[in-house]
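> Have a look at this one.
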Amino acid sequence: MSDAETNHNGTTGPTAAGEQGTGVFDAETVALCEAIVEDYRKGETRKAEAAAQIYRALRFEEVVEDDDVREREQAYETYFDMLETIDRDRNAAGEHRNQVLPSRTQSSNPPSGEAHHGDEDVAGELVPPRESVAPTAAKRSLLDRLSEPSRSLLERLTEPSPRKRQRDGDDEESDSESATGPSRSKRHIDESLFPFSSSIPDDVRLLSDALQRTLLLKENYTRDLATAKQRVVCSPGCPPVPDAIWSDVLANRYVDLDRVFSAVYAVDGDHKQSIRLGELELSGVPAKPKRHIERHGHWTIAWALYQRAVLYVYPHREPELRAYYDQINGFFAAVSEHEAIRIVNLDRAIRGEVGRSNTLLLSDFSRFNHLYTMHVVGAGASTQSAPISSTSPRRSITRRATTSSEPCIRFNDGRCNSARMCRYHHRQEANPIVANKRPRRFRGFLWDNPNSYITPLATLSESMNPLPSPPYQDLHDEVALSTITSRPDLFQIVSPVKVDVLEHLLHTHPNRPLVESVCRGFREGFWPFADPISDAFPQKWDEPTPFLDDDAQAFALKYAEDEEAAQRYSPSFVGELLPGMYSMPVHTVPKPHSDKLRFINNHSAGSFSLNSMIDKCAVGMRPDNVQDLAHNLLHFRKLSGDAPLHLFKSDIANAYRILPMHPLWQLRQVVTINGVRRVDRCCCFGNRGSPDLFCTVMALVLWIAIHVRNIPALLAYMDDNFSFEPSPTLVPYHGYGAVVLLPAAQVQLLTLWDDLGIPHALPKQLFGESLTITGFLVDSLSMSISLPSQSCDDLVNAIRAFLANAPQRRRTLREWQQMLSWLNWGLNVQPLLRPALQSSYAKIAGMAIANAPIYINARVTRDLLFIAQTFERHGGIYIMKAAAWGPDQADLLVFCDACLSGMAFWIPALSLAFVADCPPAPNGLDDNIFWYEALTVLSALRWIDSEFSPPPARLAIYTDNLNTVQIFDSFRATPSFDELLLCACDTLIASGIDLRVWHIAGHYNSVADTLSRGLFHVALQYAPSLSIATFIPPQPTLGELKR
């Protein structure tokens, strides 16, 4: 009987375990446990590892009944006894060997020509101690090995692996084993027989630099994971993540973020699970996570810690992890809160696939389309398919014969009810189609039936990362510190905010790192996300201010004096800049709808601008907007009907200026006007990091207002706070000296600001049934969002002036950008006009010189005039309504299809179909089926608009062409499709039709497909009562537009 069949006490393994659990465990489990025992007998695993492997093989987590648990415990005791027996046999053999063999000294040398292999025996000889063994590749430090230019990834992967050394003496079991006698010699792998060795050089050369670097580090760490983990967890800068995940992080394997998330809220450190089996206790097994990631905020918290751990051992992966974080954040933003678990599962699937591969990066998004379909798209396998229970009875399924492509006439007449057995094709309806209820073209101006109020910015505060402190390099910049120390009068922390009150009101906020970072900012000064200053930047820099006219110069001087009086500017000084100082230019711009000026710090000017120190990817927050206000108003109307309410808006005075900057950043904010210099001590307009700093502080203030002071549904766009008050009764506010009557919620907000020391002025506290908020007129009675008439006229006049008054039909890049920014703002209430901007964006693509002239061509002129005329004819009014709807809520369904010879659409509700030959396509689009598919959709839309009075409010058009679906979903396409989209835009705005274009699989679209191919007799078999007529495809042209 072989070793695998008989253990050392004479009992066979299968019998020993099988007698207690033959009916419970399958043969595979028994064989696996015996293989583990055999590996331990051969000395290939440690005792602790073998015990843990047996425990996992018995799968305790799969049983809950007491009897089943006891059976597995008895089986575990049996296999553990086998391990104990092996230990006893080894001890006995060791004692016998010490009696028979003469002792050999530790200092004896091996025969000449023999290589050292760790501390193992070679031919019965004890090897010399480690101190006398020459260093090998496996023992060199990571720094030495990675710094050798000759040791590339290819060389490391193709070199022979060193023989595994014995464990260090700190392992008790290893000590006991080595004390009893030397281990048996092991059989060594002949790596020359590996069939994949020859392909390694070619495979490595195909990897990107990032993947090669990752694989290089992974290869090093996995040579001895235990040692690598011990070095990491004992290093001073080790990130605070659960100890259990470090092996997976080092080996670049999948990491369960649930464990990381659970550790954030744990109060007892890394919890290990101990299981007692009779007199035996198995300890050190990681416990199951107590918390699970279920929404965006949970994932963000866990990801931040996980990212710190990965970057600690794989620092080069920062761009990859940042891109992945942005992508997943975008996915979370695109789904509703109750669907967030789909994105969580998508993240798990992607990281799992990357962890199992050496050729994938997390940022290889195109490689994960199948996972996105599986976990996020409604028709994905993981979102619809339920696993079949292994205990469910099997049922025999009678399958029908191969289905014919011919339609079943009896089914179409309602006489065939056996789709499973019928050999003819049964036409399917559109019910199984998964439709996107929220087309991207609406830019957020589309709402489901709201079930609660939303406060995005306040809610975001519970999961956002803390604000940064100055980098280590800046904190130890001796030049800068010397300047600050020598002139303490220039650098001070100035803010009206009462930080102690703020900290007290936030004592229940769940995101403690964020709260602490904001309070630290008010006490020590904020840091605007800037990277450490590089050696490429000079020690000091004076960027000159361009010429200011008399009015601008007078305003700038007055502004500087006022800021100095408020102590937000330092006392003035003249002469050269001190070491470490930077001076950026300033200028003034007119305020909108006013003859007043605004002071601007240009931190983007010059070769050494302050904004160039701030990574664009490190900033960018989404403030609340009127779309969020519309959502809350719709929810209020759903609960209270047409009850009157007051909209209100409160503005913070001095906005950014209430935030003090860190002295190390104040040093770079020198303002120079007419040779007189002052240090700007506060956050200012013109810095790339200022919006994020202010939004973060406002997020916490909003959280206090909502959760502590009970002001529901409060929103904020930068310094504008807005919401509504259901009670029509006004209450007095005494903060301005004279008594002022305001809505109750607005009075509560102003009182909170008073408690916090946040400044505000009476002229900026507004309320009413309709109110202009962030430039849009919101009317709570008509439930509409519109451009004020004056703003609409100003936009139209600006468009015509941009086209008509351009010198030599050219405008500078800065003028193009200003015009497009204005148009984008206007398109919030006319989102269907989006295609008209594509020609303008194409003109400025790749341009970087602000004053470079760019030619205005005919296509740009046509598109911008179309926008102007649309605003003139229809204005900028958008009605708030719960407008996200699906196929079952459509008023009319139309099915379209096209081939290179014909086009067709049919309307089942009317039993009416239309066909046409394909007209000539535009130049360059010959034989382009996508263009004909899109033209068919436009033809159906135009026919519905012309023949229905009134037209259907909700029109659903199905096509089996995904490109067409995406074009009408986003209203973006290549230039060849612009006129098609603009014609559709013109029709939709004029008719008020709410259009959805959805995808349908080709085998569900059989009627339109056969009609487009001229197979009318087949189409009549599918729909016997169908009437077929012809149509003339529209010519996609906007005609002559007036300048």
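> Taking θ as phi - 60°, what are the ³J(HN,Hα) couplings along the range 705-717 by the Karplus curve (6.51, -1.76, 1.60), each to the nearest whole Hz, with x for Gly and Pro?
Going residue by residue, I get 4, 7, 9, 9, 9, 6, 9, x, 6, 7, 10, 8, 10 Hz, with x marking Gly and Pro.
> Sticking with this structure for a sec: Tell me the label-point distance for the pair Ala251, Asp551, using the 7 Å Cα-to-Cβ offset, in nm and rounded to one decimal.
Each label point lies 7 Å from its Cα, and together they span 7.2 nm.
> Also, quick follow-up: Ordered by residue, what ³J(HN,Hα) values in Hz, to whole numbers, does the range 941-946 give under the Karplus form 6.51 cos²θ - 1.76 cosθ + 1.60, where θ = phi - 60° and Gly and Pro are x?
These are the phi-based 3J(HN,Hα) values: 4, 5, 5, 4, 5, 7 Hz.
> Okay, next question. How many nm is it between the label spots at Asp243 and Glu564, if each spot is 7 Å from the Cα in line with the beta carbon?
Reported label-point gap for Asp243 and Glu564 is 6.1 nm.
> Another question about this same structure. Counting Lys and Arg as +1 and Asp and Glu as -1, what is the net charge of the other residues whose Cβ lies under 14 Å from the Cβ of Ala530?
-2
> What FRET efficiency comes out for the pair Ala1001/Asn451, r = Cβ-Cβ distance, R0 = 22 Å, nearest 0.05? Present the calculation step by step, with values, prior to reporting the outcome.
On the way: r = 32 Å, r/R0 = 1.47.
Once rounded, the FRET efficiency stands at 0.10.
> How much length would be gained if the chain were fully extended between Asp489 and Arg859, taking 0.36 nm per residue of separation minus their Cα-Cα distance, in nm to one decimal? Could you put the intermediate results ahead of the total?
Details: separation 370, 0.36 × 370 = 133.20 nm, distance 5.87 nm.
Taking Asp489 through Arg859 to full extension adds about 127.3 nm, to one decimal.
> Between Val501 and Val69, what is the label-to-label distance in nm when each label sits 7 Å out along the Cα-to-Cβ direction?
5.6 nm
> Quick one: if the Förster radius is 56 Å, what FRET efficiency do Asp651 and Asn220 give, using the C-beta to C-beta distance and rounding to 0.05? Working shown, then result.
Numbers: r = 57 Å, r/R0 = 1.02.
E(calc), rounded to 0.05, equals 0.45.
> Can you report the principal axis dimensions of the range 460-778 using only the alpha carbons, biggest first, rounded to whole angstrom?
65, 47, 36
> Count the net charge of all other residues whose Cβ sits under 10 Å from the Cβ of Phe895, scoring Lys and Arg as +1 and Asp and Glu as -1. Don't skip to the end; give the middle numbers.
Working: positive: none; negative: Asp897, Asp960, Asp1009.
Value of the local net charge: -3.
> Around Ser784, which amide H atoms from residues at least 5 apart in sequence, or from another chain, sit under 5 Å from its own amide H, with H modelled in the peptide plane?
Residues meeting the criterion, in which the H sits 1.01 Å from N, are Asp779, Met880.
> Now, a different point. Taking θ as phi - 60°, what are the ³J(HN,Hα) couplings along the range 761-774 by the Karplus curve (6.51, -1.76, 1.60), each to the nearest whole Hz, with x for Gly and Pro?
Residue by residue, the range 761-774 yields 10, 4, x, 9, 9, 10, 7, x, 6, 10, 7, 7, 10, 6 Hz.
> Just add up the charged neighbours of Gln765: K/R +1, D/E -1, any other residue whose Cβ is under 15 Å from the Cβ of Gln765. Display every interim value, and only then the final one.
Working: positive: Lys649, Lys764; negative: Asp651, Asp719, Asp720, Glu725, Asp754.
Within the 15 Å Cβ shell, the charges total -3.
> Please give the contour-minus-distance gain from Ala850 to Asp793: 0.36 nm per residue of separation, less the Cα-Cα distance, rounded to one decimal in nm.
That works out to 17.8 nm of additional length.
> I need the Kirkwood Rh of the range 787-879: take the reciprocal of the average 1/r across all distinct C-alpha pairs and report it in angstrom. Mind showing how you got there, number by number?
Numbers: mean 1/r = 0.0745 Å⁻¹.
The answer is 13.4 Å.
> Place a point 7 Å from the Cα of Asp754 along the Cα-to-Cβ direction; which residues of the range 716-735 have their backbone N under 18 Å from it?
It comes to 730-735, nothing else.
> Sorting check: for 945-956, 842-853, which peptide has the highest mean count of neighbouring beta carbons within 10 Å, and how do the rest follow?
Values: 945-956: 15.2, 842-853: 11.7.
Top of the packing list down: 945-956, 842-853.
> Quick one: if the Förster radius is 30 Å, what FRET efficiency do Ala323 and Tyr472 give, using the C-beta to C-beta distance and rounding to 0.05?
Values: r = 25 Å, r/R0 = 0.84.
Efficiency at R0 = 30 Å is approximately 0.75.
> Using a 10 Å cut-off on Cβ atoms, rank the peptides 725-736, 933-944, 628-639 from the highest mean neighbour count down.
Descending packing order for the listed peptides: 933-944, 628-639, 725-736.
> Report, in whole Å, the centroid distance computed from the Cα atoms of the range 992-1031 and the range 229-265.
Cα centres, the range 992-1031 to the range 229-265: 58 Å.
> How many angstrom lie between the C-alpha centres of the range 467-505 and the range 785-842?
Centre-to-centre distance over Cα atoms comes out at 43 Å.
> If you stretched the chain out fully between His316 and Ser970, how much longer would it get, using 0.36 nm times the residue separation minus the C-alpha to C-alpha distance? Numbers along the way, then the final one.
Working: separation 654, 0.36 × 654 = 235.44 nm, distance 3.58 nm.
Gain in length upon complete extension: 231.9 nm.
> Taking a virtual spin label 7 Å from the Cα of Ala210 along the C-beta vector, which residues in the range 313-341 bring their backbone nitrogen under 19 Å of it?
Label zone hits: 313-331.
> Quickly rank 544-550, 561-567 as a protection proxy: mean count of other C-beta atoms within 10 Å, highest first.
Details: 544-550: 11.4, 561-567: 13.9.
Result, highest mean Cβ count within 10 Å first: 561-567, 544-550.
> Report D for the range 887-1030 in µm² per second (integer): Stokes-Einstein, Kirkwood Rh on Cα pairs, 20 °C, 1.002 mPa s. Show your work: numbers first, answer last.
Details: Rh = 15.2 Å.
Answer, rounded: 141 µm²/s.
No lab work stands behind these numbers, since they all come straight from the coordinates. What you are looking at is a predicted structure, and each value in this text was computed from that prediction instead of being measured. A quick note on method: Cβ atoms are made from the backbone with ideal geometry, for glycine too, and the neighbour counts reach across all protein chains shown.
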